[in-house]
Number of protein chains: 2
Amino acid sequence: MDTNKISLILEAIGSPEVDPDLVVRLQAVIFASEYPVTIKKLKEFFEDYELDQIEQALVALFSLHEEMGIQLNRVGGGYLFTTAAACGGTVRQFM
Amino acid sequence: MDTNKISLILEAIGSPEVDPDLVVRLQAVIFASEYPVTIKKLKEFFEDYELDQIEQALVALFSLHEEMGIQLNRVGGGYLFTTAAACGGTVRQFM
């Protein structure tokens, strides 16, 4: 996977040490999931990574989405992407 | 809306001239929509912006998501977020 741009973005948000490929794949599986994804399931699936690498990548993903329109949230013991609370008014008007 | 980090990210991907607030709100409404969002609808909704500002922000949003796990796509005359094609195998395995 080409992750040059992701590396630049991770650098811009102060997380240059995180594995860009892991960040991208975490983002994809959480986005594709209908329900919150638990750290247990992530640990089982990304078995080639250490738990602290996965946690570091999750922290980077939170940071990346912090001020965005799509945000990463902890919901019911798992991770889920939702519309940013700060954009709630915009989204309600748009619908 | 606090968009300092978004400004840094837009700079990192070579789009420092784009309105970060518009990028964030575009991302939110497209993410929240079940169906592809047309440029016509975006133009009507973001009426305080010129069409070329909206198009510039869409180009930045495409660029931002280019190598990510969540990608922006043109589908049936509109814009929609989908899982990145490059992550298809990962996502199928995960489900």
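Here are some conditions: (1) assigned to a loop (DSSP other than H, G, I, E, B); (2) over 20 Å from B:M95 (Cα atoms); (3) not basic (K, R). A:D48 meets all but one. Which one does it not meet?
(2)
In the set B:V37, B:V29, which member is crowded, with 19+ Cβ neighbours inside 10 Å, closer than 18 Å to A:R92 by Cα and free of Cβ contacts under 8 Å to residues at least 24 places away in the same chain?
B:V29
Can you pull out the residues in the stretch A:1-43 that are over 13 Å from the mean Cα position of the chain (by Cα) and charged (D, E, K, R)?
A:D2, A:K5, A:E11, A:E17, A:E34, A:K40, A:K41, A:K43
Would a scan of the stretch A:72-82 turn up a residue that is at pLDDT below 95, within 23 Å of A:T3 (Cα to Cα) and not polar (S, T, N, Q)?
The answer is no; no qualifying residue exists.
Looking only at the stretch A:1-25, count how many residues are at pLDDT 95 or above and within 7 Å of chain B (Cβ to nearest Cβ).
Selection size over the stretch A:1-25: 2.
Among the candidates B:T90, B:T82, which residue alone is under 15 Å from the mean Cα position of the chain (by Cα) and β-branched (V, I, T)?
Being under 15 Å from the mean Cα position of the chain (by Cα) and β-branched (V, I, T) holds for just one of B:T90, B:T82, which is B:T82.
Mind counting the residues in the stretch B:52-95 that are surrounded by fewer than 20 Cβ atoms within 10 Å (Cβ to Cβ), assigned to a helix (DSSP H, G or I) and within 13 Å of chain A (Cβ to nearest Cβ)?
Count: 10.
Does A:Q93 satisfy the condition of being touching a strand residue (DSSP E or B) at 6+ places or on another chain (Cβ under 7 Å) and polar (S, T, N, Q)?
So A:Q93 does not fit the description; no.
Going residue by residue through the stretch B:15-27, is there one that turns out to be farther than 19 Å from A:L72 by Cα, in a helix (DSSP H, G or I) and β-branched (V, I, T)?
Within the stretch B:15-27, none of the residues are farther than 19 Å from A:L72 by Cα, in a helix (DSSP H, G or I) and β-branched (V, I, T).
The values are calculated or read from the model by the stated rules, or taken from the named source; none is laboratory data. Predicted model, so just to flag it, every value in this text is computed and none were measured. Counting neighbours? That spans all protein chains shown, and the Cβs are built from the backbone with ideal geometry, glycine included.
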